[in-house]
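K.L.:
Questions regarding the structure given below will be posed in turn.
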Amino acid sequence: MTTTDQGRTEKPRTLAEKVWESHTVRRGEGAEPDLLYIDLHLVHEVTSPQAFDGLRLAGRPVRRPDLTIATEDHNVPTVDIDLPIADPVSRTQVDTLRRNCAEFGVRLHPMGDAEQGIVHVIGPQLGLTQPGMTVVCGDSHTSTHGAFGAMAFGIGTSEVEHVLATQTLPLRPFKTMAITIDGELRPGVTAKDVILAVIAKIGTGGGQGYVLEYRGSAIEALSMEARMTICNMSIEAGARAGMIAPDEVTFEYLKGRPHAPSGADWDAAVANWRELRTDADADFDTEVRLDAAELTPFVTWGTNPGQGLPLHGRVPDPEQIADESERFAAEKALSYMDLEPGTPLREISVDTVFLGSCTNGRIEDLRSAAEVLRGHRVADGVRMLVVPGSMRVRKAAEAEGLDEVFTAAGAEWRQAGCSMCLGMNPDQLKPGERSASTSNRNFEGRQGKGGRTHLVSPLVAAATAVRGTLSSPEDLLSTAGAAPDTATAGNGAR
Ligand SMILES: CC(C)[C@H](C(=O)O)[C@@H](O)C(=O)O
Ligand code: SF4
């Protein structure tokens, strides 16, 4: 218990509880949900059409267009963006978003705009996502924004309508889980490897009903980009949200961004943000611990993000899996993935490498992959797509000459969007094709019907592109060409 200035004793609280309580407009009685105020509502073309239709039918306006921002990301092509979108469904969805935003007065960043990009990349880079906020979007990977100490979660289309109309959301409190990762990550081990290892440990349902708080010295040592990679994939462990307490790294990232507070407001905001930490004696419903020093590059072999192993491992043998449902899932996954038990993961060859998505499409991800590729060529028969998460990321990468590193290596340099993260736009795998992908889901057909996906970090993606089989930058040391310095490369270390 802590004693306040007024002499009252307060129950120690977690970061999640602090943000929740400061946004409770009305506390639910008994089984009733609480009513939460929403500070930022992000909108994209896929989950918003019916929500706007609902408003139109009810004759209601958007209550806070100033707290609402829209972008085109899922359906956009990443080449020839000045041409009309060829696919009729995608074109209708994008046109509908444009009409809705014009009618309801919502700011929209359309294809080709300097601020367009994946919804979870543009919020943070504009400084819209800030510590202590409640952030929602009709998109499961909204958990990304929790990296700033915000309570950020995905909502369904009817909830999108509710937030558009009222700027509030009825919700039952989440349970809390601490994921404490202490120690130092080894060179070449990144945030992506950390979160894949977390999901493999707690399972794709392990986080169900929880908000996860990542903490410990390994988390504190991460850049904002790396923290976003981790929070992004909380949803793949079944969690509602993921959070990291804001600190100097957070403030440094936000300072000077277009929507970050400035002048005296900045100082006041930082003073408030410093309070956003879990109290020392607060209780979590569950706690999980990992030792950072034990982690190695991690890749998935199956068809859910929990089916992953260290890259030095082998494709598992379902017969040796004791749990019946896990054994069945592994058999099914191996048949879809066309993999033989016992095959060294490093011997799996790919046709495509995808570097991008809201998990790993930020400037640091591109930088670290370019560092590995420099002086190498993408292997014969492999195509590599490099898709910046936003137009801002694209521009920043070009200013550093990263685009030239990618194209010189034989990779394709694209416009911003979700791209091959999911099959809603022209960037897709063909049936039977196999990819190493820096995205977040390896479900059957996710990157195109019949496509097979291995989730990897940007470093593993780049090394795999060069060797043509799942590889880490270390493997390139024995290949001709410049040896990358894996100790400094990577979304992982600051
Ligand atoms: C299309 C959208 C609703 C979906 C999501 O909610 O996550 C997409 O972004 C995804 O990654 O599968
Ligand atoms: S990049 Fe992928 S995960 Fe992220 S919002 Fe787009 S489709 Fe969803």
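The values are calculated or read from the model by the stated rules, or taken from the named source; none is laboratory data. If you're wondering where the values come from, they're calculated on a predicted model, not measured in any experiment. Neighbour counts run over all protein chains shown; Cβ positions are idealised from the backbone, glycine included.
K.L.:
Search segment 34-55 for residues being crowded, with 21+ Cβ neighbours inside 10 Å and in a helix (DSSP H, G or I), and hand back the single one that is nearest to ligand 2 (Cβ to nearest atom).
P.N.:
Step by step, filter segment 34-55, then rank; the result is Ala51.
K.L.:
Within segment 210-228, can one find any residue that is touching a helix residue (DSSP H, G or I) at 6+ places or on another chain (Cβ under 9 Å) and within 16 Å of ligand 1 (Cβ to nearest atom)?
P.N.:
Yes: segment 210-228 contains one or more residues that are touching a helix residue (DSSP H, G or I) at 6+ places or on another chain (Cβ under 9 Å) and within 16 Å of ligand 1 (Cβ to nearest atom).
K.L.:
Now a separate question. Counting only residues that are under 20 Å from Leu254 (Cβ atoms), in a loop (DSSP other than H, G, I, E, B) and within 20 Å of the chain's Cα centre (by Cα), how many does segment 103-127 have? Even if it seems obvious, please write down each step before you answer.
P.N.:
Looking only at segment 103-127, we keep the residues that are under 20 Å from Leu254 (Cβ atoms), and these are 107, 109, 114-115, 117-127.
Now restrict to residues that are in a loop (DSSP other than H, G, I, E, B): 114-115, 118, 126-127.
In the following step, the residues that additionally are within 20 Å of the chain's Cα centre (by Cα) were identified as 115, 118, 126-127.
Within segment 103-127, residues that are under 20 Å from Leu254 (Cβ atoms), in a loop (DSSP other than H, G, I, E, B) and within 20 Å of the chain's Cα centre (by Cα) number 4.
K.L.:
Let me ask something else about it. List pairs: first residue in segment 242-259 and outside any loop (DSSP other than H, G, I, E, B), second residue hydroxyl-bearing (Ser, Thr, Tyr) anywhere in the structure, Cβ distance under 6 angstrom, at least six positions apart or on different chains.
P.N.:
Here the result reads Gly242/Ser143; Gly242/Ser234, each pair linking segment 242-259 to a residue that is hydroxyl-bearing (Ser, Thr, Tyr).
K.L.:
Identify, from the list Ala370, Ala416, Ala397, the residue that is in contact with a helix residue (DSSP H, G or I) (Cβ under 8 Å, 6 or more places away or on another chain) and closer than 22 Å to Glu474 by Cβ.
P.N.:
Within the list Ala370, Ala416, Ala397, the selection yields Ala370.
K.L.:
Hey, among the residues in segment 377-390 that are buried (at least 24 other Cβ atoms within 10 Å of the Cβ) and over 16 Å from Val456 (Cα atoms), which one's nearest to the chain's Cα centre (by Cα)?
P.N.:
The initial filter retains those residues of segment 377-390 that are buried (at least 24 other Cβ atoms within 10 Å of the Cβ), namely 384, 386-390.
Pick out the ones that are also over 16 Å from Val456 (Cα atoms) and you get 388-390.
On the way: Pro388: 13, Gly389: 11, Ser390: 13 Å.
Among those residues, the one meeting the criterion is Gly389.
K.L.:
Tell me which residues, restricted to segment 346-367, are closer than 22 Å to Glu474 by Cβ, in a helix (DSSP H, G or I) and within 16 Å of ligand 2 (Cβ to nearest atom).
P.N.:
In the first step, residues of segment 346-367 are kept if they are closer than 22 Å to Glu474 by Cβ; the result is 346-350, 353-355, 360, 364-367.
Checking which are in a helix (DSSP H, G or I) leaves us with 346-347, 360, 364-367.
Hits for segment 346-367 are Asn360, Asp365, Leu366.
K.L.:
Please note which helices (runs of 4 or more DSSP H) are completely contained in segment 379-494 and include at least 1 residues that are closer than 20 Å to Glu72 by Cβ and either away from ligand 2 (no atom under 14 Å from the Cβ) or at pLDDT below 95 (or both).
P.N.:
In segment 379-494, 391-399 are the helices (runs of 4 or more DSSP H) which contain 1 or more residues that are closer than 20 Å to Glu72 by Cβ and either away from ligand 2 (no atom under 14 Å from the Cβ) or at pLDDT below 95 (or both).
K.L.:
So how many residues does segment 321-345 have that are without any contact (Cβ under 8 Å) to a residue 24 or more places away in the chain and in a loop (DSSP other than H, G, I, E, B)?
P.N.:
Step one: of segment 321-345, the residues without any contact (Cβ under 8 Å) to a residue 24 or more places away in the chain are 321-328, 331, 335.
Retained after the next criterion (residues that are in a loop (DSSP other than H, G, I, E, B)): 321-323.
Residues meeting the conditions: 3.
K.L.:
Of the residues Ala264, Ala293, Ala271, Ala282, which single one is closer than 21 Å to Lys18 by Cβ, surrounded by fewer than 16 Cβ atoms within 10 Å (Cβ to Cβ) and either touching a residue at least 60 places away in the same chain (Cβ under 8 Å) or of a type outside the set (Asp, Glu) (or both)?
P.N.:
Step by step, each of Ala264, Ala293, Ala271, Ala282 is checked, and only Ala271 is closer than 21 Å to Lys18 by Cβ, surrounded by fewer than 16 Cβ atoms within 10 Å (Cβ to Cβ) and either touching a residue at least 60 places away in the same chain (Cβ under 8 Å) or of a type outside the set (Asp, Glu) (or both).
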